[in-house]
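Shown next, in structure tokens, is the structure this report addresses.
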Amino acid sequence: MGKPLKVGIIGCGAIIAQYLANFRKLGQIDLVAVADLDPARAQAVADDYEGVRAISVEELLAADDVELVLNLTIPAAHADVALKAIAAGKSVYGEKPLAATTAEARQVLDAAREAGVAVGCAPDTVLGTGIQTARKAIDDGLIGAPISASATMVTPGHERWHPNPDFYYQPGGGPLLDMGPYYVTALVTLLGPVVSVIGAASHTRNERTIGSGPRQGEKVPVNIDSHVTGVLVHASGALSTLFMSFDAVKSKSPNIEIHGERGSLVVPDPNHFDGDVQLFSLGAEDWETLPVSAGYVDSGRGFGIADLASTPAGAEPRAGGAMAYHALEVMESVLESAHSGAAVAIRSTVERPAGVELAVLAEELDRLQTQEAV
């Protein structure tokens, strides 16, 4: 906490731009190196970011000045890269999901525990003002005891805009594993861990047509369920219903809606860091928009790493491996249930991370570092 966390990035694809934009305003993170299987992509980042060197993956893993590896590779490579970073004595933070399967994710967490390093994982959207304001409203009792929630994500398919959408329709893809991490992580943050699930799934087409780019008109096979629904039973007794689709056209349903004994909440898109939280109290005549009351202000991708940097040694980060593992098991189990027709018990659990008090992250971490120095 007394000095910036030195970070190296493996994987310089499109998502890196959002991380770089936020790293520039977070003095608690010192980006020192980047690597990619395509050296030209890494060099382009280094040319645009002062003080950063482009090196090979092997050199980055061996670098003495890299304390944490930000893993921005494709999901199939998440576990392999994380395990190599851990073996080199480095903490890791990955894009979602933590790994392609819970078996691989367990290997990552076990290796990190043995090595004494930290594991963090996206999504860190739950640390922003949108989800955190909703969480505070629930914790303050504005809706009474939570009863149920619904989470809805509808799109007619990424092939309409993505020039290479193949992986969305292969094992490890699909609407639940692609977008579910945002929704499941938000639901666990709001309502607590899940103890069992039941699911159903289908798909409407066996192939999709690419709608843009050099491969426009090309057909890609669909080898996953493209429409998934499920019910999550939380340890608190609350029930959450998931509706995740690459088949349906549009929905007017809120991204997330929470119902309690004394009121209902409309929660903003969990793929974003902010957004309005609306409350309809029992006996009220209309919805009211709640004032922003919690979360990191003006946050974005990478704030979970800065939050990890302020986490005491040995404590679980808010955007930590335990949450990412639990969310992955929930999603895997919904798909397992959809194929078996039976409810599936969730073996893992996780504590709700501490709420984020309303703060500008850079100023908050500066305050913590000043306290530590004193």
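The values are calculated or read from the model by the stated rules, or taken from the named source; none is laboratory data. In this text the structure is predicted, and so the values were computed from the model without any measurement. All Cβ positions, glycine included, derive from the backbone under ideal geometry; neighbour counts span all protein chains shown. These accessible areas exclude ligands, DNA and RNA; they are computed on the full protein's heavy atoms, side chains included. Shrake-Rupley method; radii C 1.70, N 1.55, O 1.52, S 1.80 Å.
For region 310-326, the candidate set comprises residues that are assigned to a loop (DSSP other than H, G, I, E, B) and in contact with a Leu (Cβ under 8 Å, 6 or more places away or on another chain); within that set, the residue that is surrounded by the most Cβ atoms within 10 Å (Cβ to Cβ) is A319. All of D298, D269, D307 fail the test of being surrounded by fewer than 21 Cβ atoms within 10 Å (Cβ to Cβ), modelled with pLDDT under 95 and among the charged types (D, E, K, R), apart from D298. Inclusion of D178 among residues that are within 20 Å of K96 (Cβ to Cβ), of a type in the set (D, E, K, R) and surrounded by 21 or more Cβ atoms within 10 Å (Cβ to Cβ) is warranted. Counting only strands (runs of 3 or more DSSP E) that sit wholly inside region 248-290, those with at least 2 residues that are touching a Gly at 6+ places or on another chain (Cβ under 9 Å) are 263-267, 278-281.
Determine whether L127 is farther than 26 Å from G300 by Cα and not aromatic (F, W, Y). Considered against the rule, which asks whether it is farther than 26 Å from G300 by Cα and not aromatic (F, W, Y), L127 comes out as no. Identify all residues within region 125-147 that are over 15 Å from E357 (Cα atoms) and either in a loop (DSSP other than H, G, I, E, B) or without any contact (Cβ under 8 Å) to a residue 24 or more places away in the chain (or both); write none if there are none. Across region 125-147, the qualifying residues are G141, L142, I143, G144, A145. One residue stands out among those in region 288-324 that are without any contact (Cβ under 8 Å) to a residue 40 or more places away in the chain and in contact with a strand residue (DSSP E or B) (Cβ under 7 Å, 6 or more places away or on another chain): the one that is nearest to E357 (Cα to Cα), which is T289.
Taking every residue in region 161-174 that is touching a residue at least 40 places away in the same chain (Cβ under 8 Å) and pairing it with any residue that is among the aromatic types (F, W, Y) and surrounded by fewer than 20 Cβ atoms within 10 Å (Cβ to Cβ), at least 6 positions away or on another chain, the pairs with Cβ-Cβ distances below 8 Å are G173/F167. Would you check which residues across region 273-295 are of a type outside the set (A, V, I, L, M) and open to solvent by 40 Å² or more (accessible area, probe 1.4 Å) and list them? Those that are of a type outside the set (A, V, I, L, M) and open to solvent by 40 Å² or more (accessible area, probe 1.4 Å): D274, D276, Q278, F280, G283, E285, D286, W287, E288, T289, P291, S293.
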